[in-house]
Each structure stands twice: as C-alpha cells, then as structure tokens.
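Student: Dumping the structure here so I can ask a few things about it.
The values are calculated or read from the model by the stated rules, or taken from the named source; none is laboratory data. Keep in mind it's a predicted model, so treat the numbers as computed, not measured. Here the Cβ positions follow ideal geometry from the backbone for every residue, glycine too, while neighbour counts run over all protein chains shown. Note: areas computed on protein heavy atoms with side chains; ligands, DNA, RNA excluded. Shrake-Rupley method; radii C 1.70, N 1.55, O 1.52, S 1.80 Å.
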Amino acid sequence: ELKVEQNPLFLSMQEGKNYTIYCNYSTTSDRLYWYRQDPGKSLESLFVLLSNGAVKQEGRLMASLDTKARLSTLHITAAVHDLSATYFCAVDMITQGGSEKLVFGKGTKLTVNP
Amino acid sequence: DAGVTQSPTHLIKTRGQHVTLRCSPISGHKSVSWYQQVLGQGPQFIFQYYEKEERGRGNFPDRFSARQFPNYSSELNVNALLLGDSALYLCASSVTRTANYGYTFGSGTRLTVV
C-alpha cells in the first residue's frame, strides 16, 4: 500500500524567508502532483511532475521530483503572506485492476507572518 | 471555458438519510474520480469512472456508489448516512485515464450529517 508522507505538517515562517516542504512516498511512481488548498476551498493544481529529475517553477514556488529517492520537494523563496495555505503532494498510483488514483499526503499548513 | 462543476455546494442531512452529489467534468474529459476529504486530512480516493465504467474503488463501504452518464457527468450516492460521512466531497476530471496532464478538481460539495 502506497504511503505518502509530508513534512513538516505545520510551518510558520516570516515573510522574505525561504523554506522547503518534503514529500516522501513508499513505492515506485513517476508522477507526482502538488496542490494548494485555501480554507474551505477546493484543490488548486500547482505542479505536475511526470519524470525523474523534473523541476518546475512558478513565481516563488519551485517543485522537483527524484523518483529514485522517492522524494519531491516544494521550495518557497522569499515567502509572502499570500502563500499562506495548505499544500498537498499527491502520488499517482495504478492499481492492480488498472485504475488510477491519487494518494495524498496529510498536507502542510503554511502560515506566512509579516 | 467551464471547469469541473459540482452540485450542490453545501448540504445538511440527517443520519440514515441518502444523498446524491453531482459532477460535470471539463468538456472533453472522459475520466471522473471522486474523493472524500475529512477536515484536517488529505483527500481519500473513492471511485474512478472512465468511459461510463467503474475502473477503481477505494476502501469505502458499499453504502457508497457512483455512476457515469453518456455525457461523462457523474453522480456519487451515499446511503444510510453516518456522522462520519461529514466531509468535503471532491470530483476530479482528466483527459484520459492515464492523466498525463493531471487532474482538475471541482469546488467540492460540503456534506454535513447531523
């Protein structure tokens, strides 16, 4: 059974600082997604990482995927208050029956303080 | 271009009742998946439908059922509601079953069971 672990689960940081969120997963997969969720809202797609070594950047966020280490990182550069949200990583899994599902981590609740 | 639409947005039901949630995928998307997100947790996979057939089912009791219609819209049904069914129910659509372009989530239905 695929397990996805994120850390930290809670992150409080000051504006202007840098930090990294880690996502480890337990079985082989070459597809990983990062989502953002604001309180009471749905999931907003941030990054789709489809191969080993994939790196994508959007604004102050950069995501990478190392399939050999089963590790993805979400790096935050010079944080601003608007980045406050919960961030989820999700690993794509093909079941024995051939269906496809996402297995999510528990999420990292990020609070950026002035 | 309309995104994934879900209805209703909020719902309050009594224990033992039945509920039907609806989802319309993005035009051209043939795969619809359902997820349950309990407060403070990551989403959990319930079902995947592709081309009107169930392709996968998560670890949920038989009280949960779903179907996909010829226009690729989908319904999630939950019978004999329990307090623990209170959650945000998310629908995700993708272009193909293998989702090379990722998943797009709807805004969700917030179900409260009292």
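Student: Specify the residue that is surrounded by the fewest Cβ atoms within 10 Å (Cβ to Cβ); the eligible residues are those in region B:48-64 that are within 9 Å of chain A (Cβ to nearest Cβ) and not hydroxyl-bearing (S, T, Y).
Tutor: Checked region B:48-64; the qualifying residue surrounded by the fewest Cβ atoms within 10 Å (Cβ to Cβ) is B:E54.
Student: On to the next question. For region A:52-75, what are the residues that are open to solvent by less than 60 Å² (accessible area, probe 1.4 Å) and either within 14 Å of chain B (Cβ to nearest Cβ) or among the polar types (S, T, N, Q) (or both)?
Tutor: A:A54, A:A63, A:S64, A:L65, A:T67, A:S72, A:T73
Student: Also, quick follow-up: Within region A:19-29, count every residue that is without any contact (Cβ under 8 Å) to a residue 60 or more places away in the chain and either over 9 Å from the mean Cα position of the chain (by Cα) or open to solvent by less than 10 Å² (accessible area, probe 1.4 Å) (or both). Talk me through it step by step, then tell me what you get.
Tutor: Within region A:19-29, the subset without any contact (Cβ under 8 Å) to a residue 60 or more places away in the chain is A:20, A:22, A:24, A:26, A:28.
Now restrict to residues that are either over 9 Å from the mean Cα position of the chain (by Cα) or open to solvent by less than 10 Å² (accessible area, probe 1.4 Å) (or both): A:20, A:24, A:26, A:28.
Going through region A:19-29 one residue at a time, the tally reaches 4.
Student: Give the residue that is modelled with the lowest pLDDT, with candidates limited to residues of region B:91-114 that are hydroxyl-bearing (S, T, Y) and open to solvent by 60 Å² or more (accessible area, probe 1.4 Å). Before the answer, list the steps.
Tutor: Keep residues of region B:91-114 that are hydroxyl-bearing (S, T, Y), which gives B:93-94, B:96, B:98, B:101, B:103-104, B:107, B:109, B:112.
Those still in the list that are open to solvent by 60 Å² or more (accessible area, probe 1.4 Å) too: B:98, B:101, B:107.
Working: B:T98: 62, B:Y101: 71, B:S107: 94.
Here the answer is B:T98.
Okay, residues lined up against (1) under 11 Å from the mean Cα position of the chain (by Cα); (2) open to solvent by 30 Å² or more (accessible area, probe 1.4 Å); (3) over 26 Å from A:A85 (Cα atoms):
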residue	(1), (2), (3)
B:Q6	yes, no, no
B:T9	no, yes, no
B:R15	no, yes, yes
B:R22	yes, yes, yes
B:K30	no, yes, yes
B:A66	yes, no, yes
B:Y89	yes, no, no
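Student: Are there any pairs with C-beta distances below 7 angstrom linking a residue in region A:89-107 that is buried (at least 22 other Cβ atoms within 10 Å of the Cβ) and part of a strand (DSSP E or B) to a residue that is modelled with pLDDT under 80 and of a type in the set (D, E, K, R), with the two at least 6 apart or on different chains, and if so which?
Tutor: Qualifying pairs under 7 Å: A:E100/B:R97.
Student: Could I ask something else about it? Name the single residue that is nearest to A:D82 (Cα to Cα) among those in region A:30-51 being open to solvent by 40 Å² or more (accessible area, probe 1.4 Å) and assigned to a loop (DSSP other than H, G, I, E, B).
Tutor: Out of the qualifying residues, it is A:D38.
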